[in-house]
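Encoded as structure tokens, the structure appears first; notes follow it.
FYI, it's all coordinate maths here, none of it is from the lab. In this text, all values refer to a predicted model and were calculated from it rather than measured experimentally. Because the Cβ atoms are built from the backbone with ideal geometry, glycine has one as well, and the counts that use them run over all protein chains shown.
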Amino acid sequence: MNADTILDITRQAMVVILLLSMPILLTALVVGLLIGMFQAATQINEMTLSFIPKLFAVVLAILLAGPWMLHLLIDFTIQLFHRIPSLIG
């Protein structure tokens, strides 16, 4: 196992992490932006007004994207397990 192999596995892991976190982070970003615009338009400054909808939206995003996220993680793990013999010898 050389440095190129380690860097390749690390790069693949970073891509998987990015893809796994993207649905949740984008959902929270969009909902936060919409709530922020609503608060600015109505001049309502209530902290729970932004927290509760973001929480529900993130839970919904996890429920909708969960199977895809799990499939992506399982595929990456299986790929790593298949590479073990070539990494050892």
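If each residue of separation counts as 0.36 nm, what is the full-extension length gain between residue 15 and residue 58 once their alpha-carbon separation is subtracted?
13.4 nm
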If I model a spin label as a point 7 Å beyond the Cα along the Cα-Cβ vector, how far apart are those points for residue 86 and residue 4 in nm?
1.2 nm
Helix 47-88 vs. the chain, principal-axis angle (Cα, 0 to 90°, nearest 10):
0 degrees
Taking the chain and counting helices only, DSSP H stretches of n ≥ 4 at -39,500 (n - 2.57) each over all residues, the nearest-500 ellipticity at 222 nm comes to -34000 deg cm²/dmol
Matching label for the computed Rg and Dmax of the Cα atoms in Å, out of [x] 19.3, 65; [y] 17.0, 47; [z] 18.5, 57, is [x]
